[in-house]
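The structure appears right after this line, and notes come after that.
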Amino acid sequence: MKKFLVLLVLALVAVSTFAAYEIAFIVKATDSDFWQYTIVGAKNAEYDLDGAINVTVYGPPSESDIDQQIAILENVVSTMPDAIVMSSTSSDAPSAILNDAYEAGIPIVLIDNFVYDTGYTAFLATDNAKGGSLAADLLVKNLEDRGIALEGKIGLISAMAGVQVLVDRDDGFKARMAEIAPDLEILPTRYIDNDIAKGANATEDLLIANNDIVGFFADNNHSGDGVARVIEEQGLGEKVIAVAYDSDPLEVEAVKSGALKGLIVQDPHGMGYKGVMFAFMALKGEAFPSYFDTGVYVITPDVVDESTGILDPFTRQRY
């Protein structure tokens, strides 16, 4: 981290009086607070570089709009921006387009999700398998603290099928649960197309069909919102232990109310900020790592009030 900060200072002092670089910032969805947080980071980087870059934001309304994100990418590449920073929902659909852009000399910085079979300049992401493992630890600790036996069933609510970052989270969760609570059965994953209402419906369905459910893991903010809604409405906070990934205002309120016992939180602001900075450093010929772990945090009720900066990057907005 210290080395990165030194490089960042070098990048800042290297700002020249030439025309601003055009950096395209493509997110998975515009309907999600998580991706809005990455945008805050990207625009803060633009602000800190004081006229050296212009960051233009693109993205489909929902993470389920993969085809639309690919169409956006095609349009962006046709304008030949100086650099592209992208979080791709699919790990393979944009490969050829990104590779052509990379071979044409456009720096490609990937954030959050890796894209296979393409050249790229840098990749910044959370260790999602570790995050899933931490979710398992948090769920089991809360069960033990309440004297709930480590037996019965666990519901796993996932935003979408086939998205690598979610696969990594879920696999990390299941592997850790097998180690620390082998008598808990994890039910087949329910996929909800990143829709909060579908997440709530899936939670209700699992509760009705399984009277021995003792917990839930929701692997992103929309699935977390759906699970928390049902736990809150049915007053199950002390009987069914739910933990979730990411943060948005509804999830934070659910932690405060007890509907969620904690959140596994990434650093979306850091992804956006450092992603844009790495793109700028590439354009300036500065050195930087090809892979950067943006970190993961465990937010529980006892620290939620002091974690505003990581939970709500809008509080860090400078532009």
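Listed values, structure above:
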| read-out | value |
| --- | --- |
| Number of positions in the range 219-235 that are without any contact (Cβ under 8 Å) to a residue 12 or more places away in the chain and assigned to a loop (DSSP other than H, G, I, E, B) | 1 |
| Subset of the range 135-173 (residues that are farther than 21 Å from Glu204 by Cα, surrounded by 23 or more Cβ atoms within 10 Å (Cβ to Cβ), of a type outside the set (Gly, Ala, Ser) and touching a helix residue (DSSP H, G or I) at 6+ places or on another chain (Cβ under 6 Å)) | Val165, Arg169, Phe173 |
| Any pair with Cβ under 6 angstrom, 6 or more apart, that starts in the range 179-200 at a residue that is assigned by TED's automatic domain parsing to the domain that holds Val227 and ends at one that is outside any helix (DSSP H, G or I) and among the charged types (D, E, K, R) | Asp183/Glu151; Glu185/Lys153; Leu187/Lys153; Asn194/Glu63 |
| Residues satisfying the stated conditions in the range 245-262, i.e. touching a residue at least 60 places away in the same chain (Cβ under 8 Å) and closer than 19 Å to Phe173 by Cβ | Tyr245, Asp246, Ser247, Lys261, Gly262 |
| Members of the range 263-305 that are more than 12 Å from the chain's Cα centre (by Cα), in contact (Cβ under 8 Å) with a residue 24 or more places away in the chain and in a loop (DSSP other than H, G, I, E, B) | Lys284, Glu286, Ala287, Phe288, Pro289, Ser290, Thr300, Pro301 |
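The values are calculated or read from the model by the stated rules, or taken from the named source; none is laboratory data. Keep in mind that what you see is a predicted model, and the values were worked out from it rather than measured. Counting neighbours? That spans all protein chains shown, and the Cβs are built from the backbone with ideal geometry, glycine included.
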